[in-house]
């Protein structure tokens, strides 16, 4: 069990991540990741293997950087009008996960609802985020973010904005 101060700091970190995405600050969002950080969206409920089973998204920091760069390019025609999001994050549960390279590590889970707005179309996503976080000083960084969509096994349009 975490002390209340650490729990609250983790909650505020997740709220900050949602705020960065909703405000379109994708560069700020990318800075939340460790250099070896992974963003993973499985394609099946309960999927545990991101490498030998196809995923909706499985991107390391380098590919996430390319995604962010493309989001910021004015000529991205598929993004006209630019999608915007509204994230609601709740039911945040965190627990200590030991030490990694001298830094405190945490396992964190949270429910989410994300509405993607593009023009007059809205797409609703919901599910559970799972994080592997590390703490260096007062800052947290994402080593892994797993986005488990409730309907991960459905057919989805390409997702440009991270959930």
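Coordinate-derived values only; no laboratory data. Since we're looking at a predicted model, the values are computed, not measured. Cβ placement follows ideal geometry from the backbone for every residue including glycine, while neighbour counts extend to all protein chains displayed.
Quick notes
- For segment 60-152, the square roots of the Cα gyration tensor eigenvalues, ordered a ≥ b ≥ c, give a/c of at least 1.5 with a/b no greater than b/c, which places it in the oblate category.
- Ascending count of other beta-carbon atoms within 10 Å, so fewest first, for 53, 147: 53, 147
- Gaussian network model of the chain, Cα within-10 Å springs - most flexible of 138, 59, 73: 138
- Helical contribution to [θ] at 222 nm, DSSP H n ≥ 4, -39,500 (n - 2.57), averaged over the chain, rounded to 500: -7000 deg cm²/dmol
- Ordered by the number of other Cβ atoms lying within 10 Å of each residue's own Cβ, fewest first, 88, 108, 68, 134 fall into the sequence 88, 68, 134, 108.
- Stretchable slack from residue 122 to residue 19, in nm (0.36 nm times residue separation minus alpha-carbon distance): 35.2 nm
- Our note on the geometry: Cα centres of segment 95-163 and segment 6-73, 6 Å apart.
- Residue 104 paired with residue 31, simple spin-label distance in nm, labels 7 Å along Cα-to-beta-carbon: 2.3 nm
- Sorted from longest to shortest, the spans of the Cα atoms of the chain along the three principal axes equal 45, 30, 28 Å.
- Extension gain from residue 11 to residue 86, taking 0.36 nm per residue of separation minus the Cα-Cα distance: 25.3 nm
- Comparing 149, 30, 51 in a Gaussian network model of the chain where C-alpha atoms under 10 Å apart are linked, the largest mean-square fluctuation is found at 51.
- Over the chain, relative contact order from alpha-carbon pairs under 8 Å, at least 6 apart, %: 25 percent
- Global form of segment 9-77, assessed from the alpha-carbon gyration tensor, a/c cut-off 1.5: oblate
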